[in-house]
Amino acid sequence: MAAKSKARVVIARLLSTAGSGYMYTTRRLRVADKLSMMKYDPIVKRHVLFKEVKGSR
């Protein structure tokens, strides 16, 4: 019987690069690279780049 690889899912915090301090939370696989994506920032009222930051636990 072959062993399945267990990829862990972690919660990632995405911080706006516009400097507004707005954050999104999402889930990603632990083995993947850090996330960065264009999302809407309601404080500056436009789409900006959000980058993953180190989460505090």
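Read-outs: derived from the displayed coordinates by stated rules, not from any lab. Just so you know, these numbers come straight off a predicted model, no measurement behind them. Quick reminder, even Gly has a Cβ in these numbers, built from the backbone with ideal geometry, and neighbours come from all protein chains shown.
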If the label point sits 7 Å along Cα→Cβ of V53, residues of the range 4-37 with amide N under 13 Å come out as 13-25
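Would you work out the charge dipole size for the chain about its Cα centre, treating the Cβ of every Lys and Arg as +1 and the Cβ of every Asp and Glu as -1, and quote it to the nearest 20 debye? If you can, show how the numbers build up before the last one.
Numbers: 14 positive and 3 negative charges, 55 e Å.
The calculated dipole for the chain is roughly 260 debye.
How charged is the neighbourhood of T25? Take every other residue with its Cβ under 11 Å from the Cβ of T25, and add Lys/Arg as +1 and Asp/Glu as -1. Write out the running numbers ahead of the final one.
Working: positive: R13, R27, R28; negative: E52.
Local charge sum for T25: +2.
Compute the signed sum of charges (Lys and Arg +1, Asp and Glu -1) over the other residues within less than 14 Å, Cβ to Cβ, of M37. Show your work: numbers first, answer last.
Details: positive: R13, R27, R28, K34, K39, K51; negative: D33, D41, E52.
Local net charge: +3.
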